[in-house]
Amino acid sequence: MQTTLSAEFRDTREGAQAEAILRKCVHCGFCLATCPTYQLLGDELDSPRGRIYLIKQVLEGHAPTRATQQHLDRCLTCRNCETTCPSGVDYGALIDIGRRIVEQRVERPPVQQAVRWLLKEGLTSAALGPALGLGNALRSLLPRALQDKMPRSRAAAGGEEARPWPARAHDRRMLLLAGCVQPHLLPNINRATARVLDAAGIQTIVAPAAGCCGALRAHLADHAGALADMRRNIDAWWPHVEGSGGAAPVEAIVMNASGCGVTVREYASYLADDAVYAAKARRISQCTRDACEIVADLVPALRPHLSKGAARLAVHLPCTLQHGQKMPDTLAAVLRELGFDAQMPAQENHLCCGSAGTYSLLEPELASRLRDRKLAHLRALRAPLIVSANIGCIQHLQSGTDIPVRHWIEILDEMLVT
């Protein structure tokens, strides 16, 4: 796609990166067929190709409008279009650039500004736990979109009855990103991850100073805040990655939320121009692995510890795993190797469920339509349980069905014979 940058972008890294991406696009339209918002709305401006044109216009000097901002907002950043694109257009990077530029030029309505600020600051705050407790007490008074994000019970959240964090030490050690929302909303996912790794002879370490991976702020166009989150995490992890105090370096940084995993894998790109952090960011990205990748290597070690009679599972594959991290088959294959009857939908398995981080709170109508469409295909598998690999997807899907929706590693943990 021929692009002529305006003077203000011509000699900037952001402009050069965007221009290189735009020039790869041959406006073939293949992306329209796999874009969730285009499927729902039928408006090309709510498709990757349409949004690419809007971003191109802004980079060429056209003033963005509130409508421009709304079309960019409605993108789920599912990156399905990247999987489909025959030209290798890095749409995820381009939409982030476009959103940042438009955010600086178009003033949002005050209510939107307040909501987005609360999401950025509230979901990454230590006060989230007490706020969730208050929210549960006042559940009936909350908007439906917020009610849907609350665990239905203490048991669902992994309360006191959940198995504890393993106490054994092992020579093999891995870091785990606890996350920002997950420890408060569904803490048993982290405990289950540690227990599964413990059964295979691996000790799980959490760096207390690490927090939000940066995805939340990045997708809300707070680029500076996202980079600050990333630098903080690198600082927290670096002693473990390098090895300090006589301890050997950890083998990997484990991600059990695929949304965090895809972001941390891209730290190297985000911090490429940071003289202090660029090399460290590359190392962190290289060390990062999704939990299903780790478990795939541990199948022989885990099999002797598993009880028989594994259940039939309907596997929901998050976009951040299949499109972001390019692992469309790993999760289901690992579960089958471990003895589960793991099935994925035959239709529209590639389409987003509508969760997309904060999207389901900011665009609840579109998110609900996508959720219901996804659940219809998952129900067709007639499984008693739906499993996923990302906390946001789990909470979003659970809000639309009575079928339990769990993280797959919790189910694996429950199969362990202790």
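The values are calculated or read from the model by the stated rules, or taken from the named source; none is laboratory data. Quick caveat: nothing in here was measured; it's all calculated off a predicted structure. Positions of Cβ are backbone-derived with ideal geometry, glycine not excepted, and every protein chain shown enters the neighbour counts. Just the protein is used for accessible areas: all its heavy atoms, side chains included, with ligands, DNA and RNA removed. Shrake-Rupley method; radii C 1.70, N 1.55, O 1.52, S 1.80 Å.
Of the numbered conditions (1) among the small types (G, A, S); (2) part of a helix (DSSP H, G or I); (3) farther than 22 Å from G392 by Cβ, S360 fails exactly one; give the number of that condition.
(3)
How many residues, within region 246-256, are open to solvent by less than 50 Å² (accessible area, probe 1.4 Å) and modelled with pLDDT of 95 or more?
Of the residues in region 246-256, 6 are open to solvent by less than 50 Å² (accessible area, probe 1.4 Å) and modelled with pLDDT of 95 or more.
Looking only at region 46-103, count every residue that is within 18 Å of the chain's Cα centre (by Cα) and among the hydroxyl-bearing types (S, T, Y) and tell me the total.
Of the residues in region 46-103, 3 are within 18 Å of the chain's Cα centre (by Cα) and among the hydroxyl-bearing types (S, T, Y).
Could you please let me know if T4 is open to solvent by 50 Å² or more (accessible area, probe 1.4 Å), out of contact with any Pro (no Cβ under 7 Å at 6 or more places or on another chain) and of a type in the set (S, T, N, Q)?
Answer is yes for this residue.
Among the helices (runs of 4 or more DSSP H) contained in region 240-356, which hold 1 or more residues that are of a type outside the set (K, R) and touching a strand residue (DSSP E or B) at 6+ places or on another chain (Cβ under 7 Å)?
Ranges flagged: 258-265, 278-287, 291-302, 330-337.
Residues that are under 19 Å from A356 (Cβ atoms), at least 3 per element: which helices (runs of 4 or more DSSP H) completely within region 1-96 meet that?
Ranges flagged: 36-41, 48-59, 66-73, 80-84.
One residue is enough: does region 367-382 have a residue meeting the conditions part of a loop (DSSP other than H, G, I, E, B), at pLDDT 95 or above and open to solvent by less than 40 Å² (accessible area, probe 1.4 Å)?
yes
Do you know which residues across region 116-135 are surrounded by fewer than 17 Cβ atoms within 10 Å (Cβ to Cβ) and closer than 30 Å to Q322 by Cα?
Residues satisfying the conditions are W117, L118, E121, G122, S125.
Quick check on my filter: what residues within region 277-299 are open to solvent by 70 Å² or more (accessible area, probe 1.4 Å) and touching a residue at least 40 places away in the same chain (Cβ under 8 Å)?
R283 - this is the single residue of region 277-299 that is open to solvent by 70 Å² or more (accessible area, probe 1.4 Å) and touching a residue at least 40 places away in the same chain (Cβ under 8 Å).
Please go through region 210-245 and pick out each residue that is at positive phi and open to solvent by less than 10 Å² (accessible area, probe 1.4 Å).
Hit for region 210-245 is G214, nothing else.
Could you give every pair whose Cβ atoms fall below 8 Å, whose first residue belongs to region 347-358 and is farther than 12 Å from Q322 by Cβ, and whose second residue is among the hydroxyl-bearing types (S, T, Y), counting only separations of at least 6 or pairs across chains?
What qualifies is G354/S360; G354/S368; A356/T77; G357/T77.
Is region 190-209 home to any residue that is buried (at least 18 other Cβ atoms within 10 Å of the Cβ), closer than 23 Å to D402 by Cβ and at pLDDT 75 or above?
yes
Can you tell me which of (1) touching a residue at least 40 places away in the same chain (Cβ under 8 Å); (2) over 20 Å from Q69 (Cα atoms) is the one V206 doesn't meet?
Answer for V206: the failing condition is (1).
List every residue pair whose Cβ atoms lie under 8 Å apart, where the two residues are 6 or more positions apart in sequence or sit on different chains, the first residue falls within region 385-401 and is within 22 Å of V334 (Cβ to Cβ) and open to solvent by less than 10 Å² (accessible area, probe 1.4 Å), and the second residue, located anywhere, is at pLDDT 95 or above and of a type in the set (D, E).
As it stands, the answer is A389/D290, since those pairs meet every condition given.
Does any residue of region 104-111 turn out to be open to solvent by less than 50 Å² (accessible area, probe 1.4 Å), free of Cβ contacts under 8 Å to residues at least 60 places away in the same chain and in a helix (DSSP H, G or I)?
No, region 104-111 has no match at all.
Is at least one residue of region 257-266 free of Cβ contacts under 8 Å to residues at least 60 places away in the same chain, aliphatic (A, V, I, L, M) and either in contact with a helix residue (DSSP H, G or I) (Cβ under 9 Å, 6 or more places away or on another chain) or surrounded by 17 or more Cβ atoms within 10 Å (Cβ to Cβ) (or both)?
no
Identify, please: which residue in region 321-363 is touching a Gly at 6+ places or on another chain (Cβ under 9 Å) and open to solvent by 40 Å² or more (accessible area, probe 1.4 Å) and is, among those, nearest to N256 (Cα to Cα)?
G357
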